[in-house]
Amino acid sequence: MAEERKLLAKVEDACIYEDQVVEFIKRMDSNLVQQFKNTDGIANVIGELVHQELLLLDAKKHNYEEEKEFKDALELTKDNLLKSYSFSKVLEGIHVTEEEARDYYEKNKKLFNQDASATASHILVETEEKAKEIKAALDKGENFEKLAKEYSTCPSKENGGNLGTFRPGQMVKPFDEAVFSMEVGTISEPIKTEFGYHIIQLHDRKDGRQKEFDEVKDLCMQEALRLKQKEAYLNKIEDLKKEYTVTYY
């Protein structure tokens, strides 16, 4: 036995049910949905649906559907809906197999390369002398973050010198070469760049690698499907161009 729909409001003979309110909220912008998932929000949605029914009654009363502007808009809406429906018919039944997804992966392996990355902090100072002095203090057990906040001239000093995670080529060459040749957990000797002298602390490093098919299978399925649909669409358009005359001016 089908569950009885919960009636929330009526405008003349038109009924507004709970499931209509739920569907209305689902179609909202995702940023707004939360604002309407409470008693007041639901009441506002019910009110809006009531307003729409009132406008529909008014339109019928004044026979707006017989006006030329409405007929033109209706025809345009119908044409656009038919275009979308025809497009969906072209894509109907198209799917991809795991074999096709794997074939996409093999042909596009370079898209699934995971770049090397490093997570590091640094202390930047203007002179080599100061850099050596700070390195000596670090070798004696001084806290890296504390010294970064005290001496570094880089804005990262506010975060204890932390630069976050970056890929090869994102930093100036001498810094880049140093950080990607260090051992995790170590602190470098002063490194000279155009900005001054850096003392680097390497927190983590990941080597670049090729992602395996199983790691990106879902993405490969999606992309293989997209390409297959695109091919079907373009083939259909070429067939239709042979059937109908197209003239460009």
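Okay, residues lined up against (1) at pLDDT below 95; (2) part of a helix (DSSP H, G or I); (3) open to solvent by 60 Å² or more (accessible area, probe 1.4 Å):
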{"position": "Leu202", "(1), (2), (3)": "no, no, no"}
{"position": "Arg205", "(1), (2), (3)": "yes, no, yes"}
{"position": "Met221", "(1), (2), (3)": "no, yes, no"}
{"position": "Ala224", "(1), (2), (3)": "no, yes, no"}
{"position": "Leu234", "(1), (2), (3)": "no, yes, yes"}
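Of everything in segment 55-110, what is within 25 Å of Val11 (Cα to Cα), open to solvent by less than 90 Å² (accessible area, probe 1.4 Å) and aliphatic (A, V, I, L, M)? Give them in sequence order.
Leu56, Leu57, Ala59
Would a scan of segment 31-40 turn up a residue that is under 30 Å from Leu219 (Cβ atoms), open to solvent by less than 90 Å² (accessible area, probe 1.4 Å), in a helix (DSSP H, G or I) and not small (Gly, Ala, Ser)?
yes
When segment 180-232 is examined, which residues are found to be among the acidic types (Asp, Glu) and closer than 30 Å to Leu124 by Cβ? Working first, answer last.
First pass over segment 180-232, keeping only residues among the acidic types (Asp, Glu): 183, 189, 194, 204, 207, 212, 214-215, 218, 223, 231.
Across segment 180-232, the qualifying residues are Glu183, Glu189, Glu194, Asp204, Asp207.
Residues of segment 157-171 being within 29 Å of the chain's Cα centre (by Cα) and either open to solvent by 30 Å² or more (accessible area, probe 1.4 Å) or closer than 18 Å to Lys130 by Cα (or both), which ones?
If the condition is that a residue be within 29 Å of the chain's Cα centre (by Cα) and either open to solvent by 30 Å² or more (accessible area, probe 1.4 Å) or closer than 18 Å to Lys130 by Cα (or both), then Asn159, Asn162, Leu163, Thr165, Arg167, Pro168, Gly169, Gln170, Met171 are the ones that fit.
Of all residues in segment 76-96, which are free of Cβ contacts under 8 Å to residues at least 40 places away in the same chain and within 17 Å of Leu225 (Cβ to Cβ)?
Ser88, Lys89, Glu92, Gly93
When you scan segment 121-134, how many residues do you find that are assigned to a helix (DSSP H, G or I), under 14 Å from Ser188 (Cβ atoms) and either open to solvent by 20 Å² or more (accessible area, probe 1.4 Å) or of a type in the set (Ser, Thr, Tyr) (or both)? Outline the logic, then answer.
First, pick out the residues of segment 121-134 that are assigned to a helix (DSSP H, G or I): 128-134.
Those left that are additionally under 14 Å from Ser188 (Cβ atoms): 128, 131-132, 134.
Now narrow it down to the ones that are either open to solvent by 20 Å² or more (accessible area, probe 1.4 Å) or of a type in the set (Ser, Thr, Tyr) (or both): 128, 132.
Going through segment 121-134 one residue at a time, the tally reaches 2.
Those residues that are over 26 Å from the mean Cα position of the chain (by Cα) and either more than 21 Å from Arg5 (Cβ to Cβ) or among the polar types (S, T, N, Q) (or both), I need them from segment 16-46; list them, please.
Result: Gln20, Asn38, Thr39, Asp40, Asn44.
Here are some residues: Glu189, Glu177. Which one is open to solvent by 60 Å² or more (accessible area, probe 1.4 Å) and part of a helix (DSSP H, G or I)?
Glu177
Checking Ala118 against (1) in contact with a helix residue (DSSP H, G or I) (Cβ under 9 Å, 6 or more places away or on another chain); (2) outside any helix (DSSP H, G or I); (3) open to solvent by 70 Å² or more (accessible area, probe 1.4 Å), which test does it fail?
(3)
Within segment 93-107, which residues are modelled with pLDDT of 95 or more and either in a loop (DSSP other than H, G, I, E, B) or on the phi > 0 side of the Ramachandran plot (or both)?
Keep residues of segment 93-107 that are modelled with pLDDT of 95 or more, which gives 94-107.
Once the filter is applied, which keeps residues that are modelled with pLDDT of 95 or more and either in a loop (DSSP other than H, G, I, E, B) or on the phi > 0 side of the Ramachandran plot (or both), segment 93-107 yields Ile94, His95, Val96, Thr97.
Hey, among the residues in segment 116-138 that are among the charged types (D, E, K, R) and free of Cβ contacts under 8 Å to residues at least 40 places away in the same chain, which one's farthest from Lys206 (Cα to Cα)?
My answer is Glu129.
The values are calculated or read from the model by the stated rules, or taken from the named source; none is laboratory data. The shown structure was predicted, so the numbers you read here are calculated from the model rather than taken from an experiment. Using ideal geometry, Cβ is built from the backbone for each residue, glycine included, and neighbour counts are taken over all protein chains shown. Each accessible area value is taken on the protein alone, full model and side chains, heavy atoms only, with ligands, DNA and RNA left out. Shrake-Rupley method; radii C 1.70, N 1.55, O 1.52, S 1.80 Å.
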